[in-house]
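The structure appears below as structure tokens.
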Amino acid sequence: MQITHIEHIGIAVKNLDEAIKFYENVLGLKCYAIEEVEDQKVKTAFFLAGQTKIELLESTEPDGPITKFIKKKGEGIHHIAFAVKDGLQKALNQTEEKGIQLIDNQPRQGAEKMNIAFLHPKSTNGVLIELCEKEE
Ligand code: ZN
């Protein structure tokens, strides 16, 4: 696979509005988009720090993955997303062939018109890795 850059860093928060205040009032960043992703049961808020994007994630459901994550580990860094450029499905196939456990065998719809897929942290030294690619 060919990774071009870190697309964003995903951070799990309990309360999106409160977290946005910190990023805006303390760090001086500007929230440029808020988007709900039903498929993942999250509401997301996006910031740009230079060229690097920060994605805050708040759960919209009591059984959502972010609720579970916070219960287990508390608020904090949830995932790192790498942008791939030569086809996300191909990258997933290659990753699986190398014995890496996938969470998503096929790309699904993420925020900001991205196709996304997660690799299982059991196979990646404990980091939840998201691979993503802009929709065609
Ligand atoms: Zn993400």
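The values are calculated or read from the model by the stated rules, or taken from the named source; none is laboratory data. The structure presented is a predicted model; accordingly, all values stated were derived computationally and were not measured. Every residue, glycine as well, gets a Cβ built from its backbone with ideal geometry; the counts of neighbours run over all protein chains shown. In case anyone asks, the SASA skips ligands and DNA or RNA and just uses the protein heavy atoms, side chains included. Shrake-Rupley method; radii C 1.70, N 1.55, O 1.52, S 1.80 Å.
In the chain, the longest principal axis of the Cα atoms and the axis of helix 88-97 are about 60 degrees apart.
Taking trypsin sites (Lys or Arg not before Pro) across the stretch 1-99, the ones in a DSSP loop with at most 15 further Cβ atoms lying within 10 angstrom of their Cβ are LYS14, LYS30, LYS85, LYS98. Relative contact order of the stretch 53-136, taken over Cα pairs closer than 8 Å and 6 or more residues apart, is 27 percent. With 0.36 nm allotted per residue and the present C-alpha distance subtracted, the ASP63-ILE103 stretch has 12.7 nm of extension available.
Global size of the chain: 14.7, 46 Å for Rg and Dmax (C-alpha atoms, Rg to one decimal, Dmax whole). Here is how the number arises for the chain: DSSP H runs of 4 or more residues each give -39500 (n - 2.57), the sum is divided by the residue count, and the result at 222 nm is -5000 deg cm²/dmol. For the listed residue pairs LYS21/LYS113; LYS14/LYS68; LYS53/LYS122; LYS14/LYS72; LYS21/LYS72; LYS41/LYS68, the alpha carbons are over 23 angstrom apart in LYS21/LYS113; LYS53/LYS122; LYS21/LYS72. When only the Cβ of Lys, Arg, Asp and Glu is charged (+1, +1, -1, -1), the dipole of the stretch 2-67 relative to its Cα centre reaches about 320 debye. Put simply, when 58-64, 76-82 are sorted by average Cβ atoms within 10 angstrom per residue, most first, you get 76-82, 58-64. At a 1.4 Å probe radius, carbon and sulfur cover how many percent of the accessible area of the chain? Solvent-exposed carbon and sulfur of the chain make up 50 percent of the total. The residues of the chain expose on average 58 square angstrom of accessible surface per residue, using a 1.4 Å probe on protein heavy atoms.
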